[in-house]
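Worksheet: the structure to be examined is printed underneath.
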Amino acid sequence: MAVSMIGAAQAAVVVQPVGYEIDGEPFEGALVYDDSVSGPRPGLVMVPNWLGVTDRAAEKAARAAGQKYVVFVADMYGKATRPADANEAKAAASAVRGDRPLMRKRAQAAVDVFREQAGEVLDEDRLAAIGFCFGGGSVLELARSGADLKAFVSFHGNLDTPNPDDAKAIKAPVLVLHGADDPSVPKEQVDAFIVEMQGAEDVDWQFVGYGGAVHSFTDPYANVPGRNEYNPTVARRAFAAMNDLLDEVFAAN
């Protein structure tokens, strides 16, 4: 992914590749922001869906960023792994999901690189994490690791974790935006997540279930009816909920 602008109507949106290493292995994320805005902005580390760092992930980052935020798209697989289809994505995501310490380490590395690389456009004191599908589950694991961020937001993400007691380490508000009819995240997983959050006692958490929505409801390219399907109304509401929480936590800084 080369340095680029997204669309004529969004000509001010910069997508800048950022290379980094984890344990000697090369990774490459992307810094996304509107360069027509001057001064530092709050930052969002964004973990994309299981396809990883793609042009579509950059589009999603640009939508999340708007003129309010600067976004860093995290690479959870390594530069050599760029899934070409759902089968390759499933294999890559399963390898990371099967090793939660590795998932947390790679998500935290993205946070660290973001702080180091964003320069003048980032207000380092106001930083949150968001994620979509596989990325939503990754962000929740980052929260459970005790990461020092202002908020964690999961869009249609997986909710399971091998160590529910780790939720007690969460330091900032958690917002889960879930499709109530999502076949990829069954009711049993939802119920277990709620029990997990309740058991964490002092954690500030919200769970929003959107009726009629399935998996990938924020993804304009999702078109498998009843399973992975874009829902523009729910997507708009979910992004509004994200912004409401971020306005709150960043104003409190």
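Taking a spot 7 Å from the Cα of Glu116 along the direction of its beta carbon, which residues of the range 25-56 have an amide N less than 14 Å from it?
25-29
To the nearest 0.05, what FRET efficiency results for Arg56 and Glu124 with a Förster distance of 35 Å applied to their C-beta separation?
On the way: r = 28 Å, r/R0 = 0.79.
Computed FRET efficiency for Arg56 and Glu124: 0.80.
Under a 1.4 angstrom probe, counting protein chains only, how are Arg104, Arg56, Arg115, Arg63 ranked by accessible area, largest first?
Order by accessible area, largest first: Arg56, Arg63, Arg115, Arg104.
Given the whole protein assembly as supplied and a 1.4 Å probe, what does the accessible area of Leu140 come to in Å², nearest 10?
Answer for Leu140: close to 10 Å² accessible.
If the chain between Glu25 and Lys105 were fully stretched, how many nm would it gain, using 0.36 nm times the residue separation less the Cα-Cα distance?
Extra length from Glu25 to Lys105 when fully extended: 27.5 nm.
Answer with one residue from Thr81, Asn49, Pro17: the one whose Cα lies farthest towards the positive end of the charge dipole of the range 1-111, charges on Cβ with Lys, Arg +1 and Asp, Glu -1.
Asn49
Taking N as the number of residues in the chain, what is its alpha-carbon radius of gyration divided by 2.2 N^0.38 Å?
Dividing the Cα radius of gyration by 2.2 N^0.38 Å gives 0.93.
Most fluctuating residue of Ala180, Ala86, Ala30 in a GNM of the chain with Cα springs under 10 Å: which is it?
Maximum fluctuation in the GNM of the chain, among the listed residues, is at Ala86.
Taking only the alpha-carbon positions of the range 120-183 and ignoring solvent, what does the Debye formula give for the base-10 log of I(q)/I(0) at q = 0.13, 0.16, 0.23 Å⁻¹?
Each listed q corresponds, in turn, to -0.35, -0.51, -0.92.
Just reorder Trp50, Trp205 by solvent-accessible area, largest first, 1.4 Å probe, all chains present.
Trp50, Trp205
For every helix of n ≥ 4 consecutive DSSP H residues, a contribution of -39,500 (n - 2.57) applies; sum these over the chain, divide by its total residues, and give [θ] at 222 nm rounded to the nearest 500 deg cm²/dmol. Could the numbers behind the result be given before it?
Details: 6 runs with 85 residues, N = 253.
-11000 deg cm²/dmol, from helical runs alone.
Under a crude label model (7 Å from the Cα following the beta-carbon direction), how far is Asp148 from Ala252 in nanometres?
Modelled inter-label distance: 1.8 nm.
Between beta-carbons, use under 15 Å as the cut-off and find the net charge around Ser184, counting Lys and Arg +1, Asp and Glu -1.
-2
Taking springs between alpha-carbon atoms closer than 10 angstrom, which of Asp166, Asp191, Asp34 fluctuates most in the Gaussian network model of the chain?
Asp191
What share of the DSSP beta bridges in the chain is antiparallel, in percent to the nearest 5? Before the final figure, lay out the partial values.
On the way: 17 of 42 bridges.
Rounded to the nearest five, the antiparallel share is 40 percent.
The values are calculated or read from the model by the stated rules, or taken from the named source; none is laboratory data. Because the structure is predicted, anything quoted here is derived from the model rather than measured. All Cβ positions, glycine included, derive from the backbone under ideal geometry; neighbour counts span all protein chains shown. Surface areas here come from the heavy atoms of the whole protein model, side chains and all, with no ligands, DNA or RNA. Shrake-Rupley method; radii C 1.70, N 1.55, O 1.52, S 1.80 Å.
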